[in-house]
């Protein structure tokens, strides 16, 4: 193994964040026991009036959306043949795979009877968006695992298997892009059936398309963030020559998304909810300002886009705005119709934070033991 | 040939016999709660002096049936929307999507299932009326063929236009339901949802889902085409570079 020692050394610090994650994971274990012995009512603030909460809104909707960098990057490199982006494909695919695995863990908490998850394979209902979602989760997780497999096979020098996976790269990537398109949009389609419940600031027949485009923007945002965090944690240099053009892609995705939303809201008359803004109105303005207006504004300035800090801040805002959007669709926008306010219990929050902590931990482990970053890292004299 | 119920709020005395009979016939544990839950499938509520029964409306094109990923909910030919607990994975999409807020969940159970009125599907299949209708002392809950019940409802409104709101709830709500209601006071003051679309809701998602096969083939061909073109361009460039190298 000639893997750079700098990365191994860099990953074994025990600082504040590591301790924080460890504490979260201990609480996470406790809540897990309660969840499966006492039922959903004992640990969540869910009710018959509010059956979908944080675990759907954050763990599933955001987990899937933030994994969108994987299909975007593989498409850029393998379908558009822009080979220079190759160095950031591996960490992005890893992020995607971890995202999907954590979505599945999240589903195991949220589903009433998760041990029956295989029922979706046997009992079909093609009229159900949830049926489409279930198949997309399963198939795309498999695709991501295969897309990630060369990294593992390389580590264990299984050359023949690796070549075999290499020969199916193109159909795999195309299949992955198709599945992702379906899956990202289907999460929006879930809400098409509640036109009388979801607030008009978020409900539109174009929800599937909006979910797809916003996920592309947020997925690129995650790729940039993940590069920044890798720089901090593993002493990597930020690939500004690759991230800057990606940021331009993000501006296009967020711009298209933002304009579409403005047009939809004005045309549907939902804009009335902003004059003056009430609870939903303010939540929308916050989401749209943080997630679209500010990052697009920042990234349009070349000096900000080419500056590592400026780029990272803009990406972070886009990701935060994306999370707000998904929570607004799944929680804020549904509250008025439900007639109740929903605030997640601390145990729900613990599970969601635990999944994030698991994600960071698994990413760090993967970087330590697998050739996730292809070229040796430049030692910065640390 | 499908059956249903006609519930006439003006004839209901709120005795609760329907709830008790429902508990007994469907083997549900006591007590009869204030509002419907996974264990209490029907209740009579008194809202501002008027009685209103709460139960599943048994839509003609049910939202719950369409959203269930594993087909645990089905609309039978006789009319009832039934639930197969052995299939349910607990995603609760039915609870989230139902325009009437009917399906309820066993939040207190480690192995939970959904609970909702099944219009006594077993009895109905044997040609019997629902338990609630068979015990109703005033005929406020009437069992019969839906067509006949619609006629009866219209007749009652026509005979006593002052006693009724001029609307049969369930005639067009969500595209029509097997359970119909009449009221002497506006339906929203009974706590019934009046913003339910007049079209069957499953169309909203089926419009998208039915296009998936075409979408996959066109999108797949497009992506492969892009790959084909960009790869060819790279190959040509590499070939030309190699030739230039040779000539040197």
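Structural remarks
- Within the range A:41-78, considering residues that are under 30 Å from residue B:238 (Cβ atoms) and more than 10 Å from chain B (Cβ to nearest Cβ), the one farthest from the chain's Cα centre (by Cα): A:77
- The range A:208-239 - residue that is free of Cβ contacts under 8 Å to residues at least 40 places away in the same chain and touching a helix residue (DSSP H, G or I) at 6+ places or on another chain (Cβ under 6 Å) and, of those, farthest from residue A:89 (Cα to Cα): A:208
- Single residue of the range B:114-131 satisfying the filter (surrounded by fewer than 18 Cβ atoms within 10 Å (Cβ to Cβ) and part of a loop (DSSP other than H, G, I, E, B)) that is nearest to the other protein chains (Cβ to nearest Cβ): B:126
- Any hit, the range A:276-296, residues being under 13 Å from residue A:224 (Cβ atoms) and buried (at least 17 other Cβ atoms within 10 Å of the Cβ): yes
- Selection of the range B:67-87 for residues being more than 7 Å from every other protein chain (Cβ to nearest Cβ), at negative phi and touching a strand residue (DSSP E or B) at 6+ places or on another chain (Cβ under 9 Å) yields B:72, B:73, B:74, B:75, B:76, B:78, B:80, B:81, B:82, B:83, B:84, B:85.
- Within the range B:192-213, the set of residues being more than 7 Å from chain A (Cβ to nearest Cβ), assigned to a helix (DSSP H, G or I) and more than 20 Å from residue A:171 (Cβ to Cβ) comprises B:203, B:207.
- Where residue B:242 falls short, out of the listed (1) more than 10 Å from every other protein chain (Cβ to nearest Cβ); (2) modelled with pLDDT of 95 or more: (2)
- Unique match (being free of Cβ contacts under 8 Å to residues at least 60 places away in the same chain, under 19 Å from the mean Cα position of the chain (by Cα) and within 30 Å of residue A:373 (Cα to Cα)) among A:254, A:311, A:320: A:320
- Search result, residues across the range B:93-109 that are closer than 12 Å to residue A:50 by Cβ, at the interface with chain A (Cβ under 7 Å from one of its Cβ atoms) and assigned to a loop (DSSP other than H, G, I, E, B): B:107
- Qualifying residue in the range A:185-201 (condition: free of Cβ contacts under 8 Å to residues at least 40 places away in the same chain and facing chain B (nearest Cβ under 9 Å)): yes
- Unique residue being within 12 Å of chain B (Cβ to nearest Cβ) and assigned to a helix (DSSP H, G or I) when the list is A:144, A:182, A:153: A:182
- Among residues of the range A:79-125, those that are touching a residue at least 60 places away in the same chain (Cβ under 8 Å) and facing chain B (nearest Cβ under 7 Å), counted: 2
- Of all the criteria given as (1) out of contact with any helix residue (DSSP H, G or I) (no Cβ under 8 Å at 6 or more places or on another chain); (2) more than 10 Å from chain B (Cβ to nearest Cβ), the one not satisfied by residue A:38 is (2).
- Residues that are within 20 Å of residue A:211 (Cα to Cα) number at least 3 in the following helices (runs of 4 or more DSSP H) confined to the range A:278-327: A:279-288, A:294-300, A:308-327.
- Subset of the range B:22-52 [within 17 Å of the chain's Cα centre (by Cα) and more than 14 Å from chain A (Cβ to nearest Cβ)]: B:42
- Subset of the range B:168-187 (residues that are under 11 Å from residue B:57 (Cα atoms) and in contact (Cβ under 8 Å) with a residue 60 or more places away in the chain): B:170, B:173, B:174, B:176, B:177, B:178, B:179, B:180, B:181
- The lone exception for residue B:218 - which of (1) part of a helix (DSSP H, G or I); (2) more than 8 Å from every other protein chain (Cβ to nearest Cβ); (3) touching a residue at least 40 places away in the same chain (Cβ under 8 Å) it fails: (3)
- Count - residues of the range A:120-141 that are part of a helix (DSSP H, G or I) and under 13 Å from residue B:91 (Cβ atoms): 8
The values are calculated or read from the model by the stated rules, or taken from the named source; none is laboratory data. Since we're looking at a predicted model, the values are computed, not measured. A quick note on method: Cβ atoms are made from the backbone with ideal geometry, for glycine too, and the neighbour counts reach across all protein chains shown.
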